[in-house]
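Worksheet: the structure to be examined is printed underneath.
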Amino acid sequence: MPSSNQLNRRTKWLLIGVAVGYLALILFIPATTLVYEAFHRGFMPFWEAVNTRFFQAAVSLTLITALICVPINTIFGLCAAWVIARNQFRGRALLMSIIDLPFSVSPVVAGLMLILLYGRIGWFGPLLESAGIRVIFALPGIVLATLFVTLPFVAREVIPVLEEMGSDQEEAARTLGAKDWQIFWRVTLPNIRWGLLYGVLLTNARAMGEFGAVAVVSGSIIGRTSTLPIFVEQVYKNYQTQGAFSAAVVLGLLAAVTLVVKDILEKRTHTI
Amino acid sequence: MNSFLSSSFNNNLKHISIPKLPISIPWFVTLGYLVLMLLLPIAALITKSLTLGVDEFWRIATQPLSLSAYSVTFITALAAGLINGVMGTLVAWVLVRYEFPGRKIIDAAIDLPFALPTSVAGLVLATVYSERGWIGQLFAPFGIRISFTRVGVFIAMLFISLPFIVRTLQPVLQEMEKEIEEAAWSLGASSWQTFSRVLLPPLIPPILTGIALGFSRAVGEYGSVVIIASNIPFRDLIAPVLVFQRLEQYDYAGATVIGTVLLMASLVLLLVINFLQQWGRRYAIK
């Protein structure tokens, strides 16, 4: 028996070593590089890069985009989750697959679709042009692209929570004479709040971090239509490594915060 | 017939839009939003493809440049999916079964590729794996270049597809009872037999699901690859980057055709993933 135990221990540490080594190669060493490259010449170069007009324009465009997209997709996600979790109907599974579609469509293809709808040669192109509205290469296009790629998150996280909660409490509230809004605010929302927050968190992270779809529709005009992820690529292409890594480390911080909050929310949803 | 249609249409309208029935507001929002945000864009893409005609579509879809872009995309993504199928399984196993210092942090870090913007991933990987980068310089003396080659594309795809396999497998491993394994041991099975006859079979559906999810993500990936690759045609140019380049050249027909091929590929993959998930569920019940 002791020999097999020893063997087990040896395999255990061997497997841990291989796994950690692999993760070091593709996750940990790159993550360390991100922080190192941003700060290895000290804090001042980072601070100077962050204090440029173009960087700040990118930050504010990123924040505006998230501020518009997160509420819209939260409302949609809640509606869709309710429709799917509280109703039995034909095509329910199909509806769920359709909601998940943006996860499997390449972001570039998503952007292409928007150009074919709202671009100069698109379906609504002439109409928009005569009305003087610019969608592609402007904020509306960035918003539409971001809405597309972040569409599934809230619905996806809320559906299982709603299903697990069941409709007993809602029906009880209804028989006691509560109105639909009251039921939603007083009964449903408190029950699903952690799952909802989780979905909102993921939506926000993707909204602030989307690159591909936004790159296609934004035209990447620096200082005007470049969000922070676009800014990273543009500045890197101009060989401004410090600028690129300064912006990247800010986005990296956002990702780290997202992961920490995600971990907290996961514990909450599991304990309740 | 006509009146019947219009009356049922009116009934539907009543159900959908009259605010006195707030119950149907979610239906209205859900269906309306999906049509506007998803179905309309997809319809625009497909209509544009159809207006090209079959011959023209086929000609563009099978141009040598297009074919090489598909092969770079799909073969590299498949390689990344398969490597992560093995390494991701190992990582999931280590995280679920073993207790060791730093386990929780490593577990949380697995989601980094989900949370990190793809342009940041591309920037960082391109730097680390460049000739002067921390990892790239170890390979440079052997004449192996990683960044700005197809190997770089492979590394980026490894990065972005890793969480799919680990996260699909972890819950399955957690549910697997250790007793079965111990029973096999105590009945005299060798560790290889325990692994291949007892542990592996129920893991195959989730491993394949994870590989398919990771592959699907890698096929559509743009941000990290466009930065780490040199994007030279016939060398390391992937299909999504080709779509982007076509759009930059205002070649809408070219972009549409390759975009449609990519869309079809992702729809097929979606079906495969659904099938694999159902297979896995059936396995879990048995």
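Total residues in the range A:127-164 satisfying the condition of being more than 14 Å from chain B (Cβ to nearest Cβ) and surrounded by fewer than 17 Cβ atoms within 10 Å (Cβ to Cβ): the figure is 9.
Check the range B:273-284 and report whether any residue there is at the interface with chain A (Cβ under 9 Å from one of its Cβ atoms) and within 24 Å of B:SER71 (Cα to Cα).
Residues of the range B:273-284 that are at the interface with chain A (Cβ under 9 Å from one of its Cβ atoms), as a first pass: B:273-274.
Going one step further and asking which of them are within 24 Å of B:SER71 (Cα to Cα), we end up with B:273.
Within the range B:273-284, one or more residues are at the interface with chain A (Cβ under 9 Å from one of its Cβ atoms) and within 24 Å of B:SER71 (Cα to Cα).
Filter the range B:246-267 for residues that are more than 10 Å from every other protein chain (Cβ to nearest Cβ) and in a helix (DSSP H, G or I); which is surrounded by the most Cβ atoms within 10 Å (Cβ to Cβ)? Per the stated criteria, the residue is B:VAL257. Taken together, the criteria exclude A:THR74 from residues that are under 14 Å from A:THR150 (Cβ atoms) and open to solvent by less than 20 Å² (accessible area, probe 1.4 Å). A search for C-beta distances below 8 Å between a residue of the range A:201-213 that is more than 10 Å from A:GLY111 (Cβ to Cβ) and within 9 Å of chain B (Cβ to nearest Cβ) and any residue that is open to solvent by less than 30 Å² (accessible area, probe 1.4 Å) and among the charged types (D, E, K, R), counting only pairs 6+ apart in sequence or on different chains, returns A:LEU202/A:LYS262; A:PHE211/A:GLU233. Candidates A:ILE68, A:ILE115: the one that is open to solvent by 50 Å² or more (accessible area, probe 1.4 Å), in a helix (DSSP H, G or I) and in the same structural domain as A:VAL135 (by TED's automatic domain parsing) is A:ILE68. Screening B:PRO202 with (1) under 16 Å from the mean Cα position of the chain (by Cα); (2) touching a residue at least 24 places away in the same chain (Cβ under 8 Å); (3) away from every other protein chain (no Cβ under 11 Å) gives one miss only, at (1). State which residue is farthest from B:ILE75 (Cα to Cα) when the search covers only the range B:158-187 and only residues that are touching a Leu at 6+ places or on another chain (Cβ under 8 Å) and aliphatic (A, V, I, L, M). Among those that are touching a Leu at 6+ places or on another chain (Cβ under 8 Å) and aliphatic (A, V, I, L, M), it is B:MET176. Scanning the range B:235-245 for residues that are within 15 Å of B:PHE74 (Cβ to Cβ) and either hydrophobic (A, V, I, L, M, F, W, C) or in a loop (DSSP other than H, G, I, E, B) (or both), we see that the one that is farthest from the other protein chains (Cβ to nearest Cβ) is B:ASP236.
If the requirement is being under 30 Å from B:ALA69 (Cβ atoms) and without any contact (Cβ under 8 Å) to a residue 12 or more places away in the chain, which of these qualifies: B:ARG103, B:ARG145, B:ARG132? If you could, list the steps in order and put the result at the bottom.
Numbers: B:ARG103 fails: under 30 Å from B:ALA69 (Cβ atoms); B:ARG145 fails: without any contact (Cβ under 8 Å) to a residue 12 or more places away in the chain.
Criteria check complete, one pass: B:ARG132.
Whether a residue is open to solvent by 40 Å² or more (accessible area, probe 1.4 Å) and out of contact with any Cys (no Cβ under 7 Å at 6 or more places or on another chain) was assessed, and B:LEU208 passes this test.
Test B:ILE75 against the criterion of being out of contact with any strand residue (DSSP E or B) (no Cβ under 9 Å at 6 or more places or on another chain), touching a residue at least 24 places away in the same chain (Cβ under 8 Å), open to solvent by 50 Å² or more (accessible area, probe 1.4 Å) and part of a helix (DSSP H, G or I), and give yes or no. Full working, then the answer.
Working: out of contact with any strand residue (DSSP E or B) (no Cβ under 9 Å at 6 or more places or on another chain): yes; touching a residue at least 24 places away in the same chain (Cβ under 8 Å): no; open to solvent by 50 Å² or more (accessible area, probe 1.4 Å): yes; part of a helix (DSSP H, G or I): yes.
The answer is no for B:ILE75.
The condition of being in a loop (DSSP other than H, G, I, E, B) and surrounded by fewer than 14 Cβ atoms within 10 Å (Cβ to Cβ) does not hold for A:GLN56.
Listed here are the residues, each with its yes/no results for (1) assigned to a helix (DSSP H, G or I); (2) open to solvent by 40 Å² or more (accessible area, probe 1.4 Å).
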residue	(1), (2)
A:TYR198	yes, no
A:SER226	no, no
A:PRO229	yes, no
A:TYR239	no, yes
A:ALA244	yes, no
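The values are calculated or read from the model by the stated rules, or taken from the named source; none is laboratory data. Model, not experiment: these values are computed from the prediction. Note that we place each Cβ from the backbone using ideal geometry, even for glycine, and neighbour counts take in every protein chain shown. Only protein heavy atoms, including side chains, enter the accessible area calculation; ligands, DNA and RNA are left aside. Shrake-Rupley method; radii C 1.70, N 1.55, O 1.52, S 1.80 Å.
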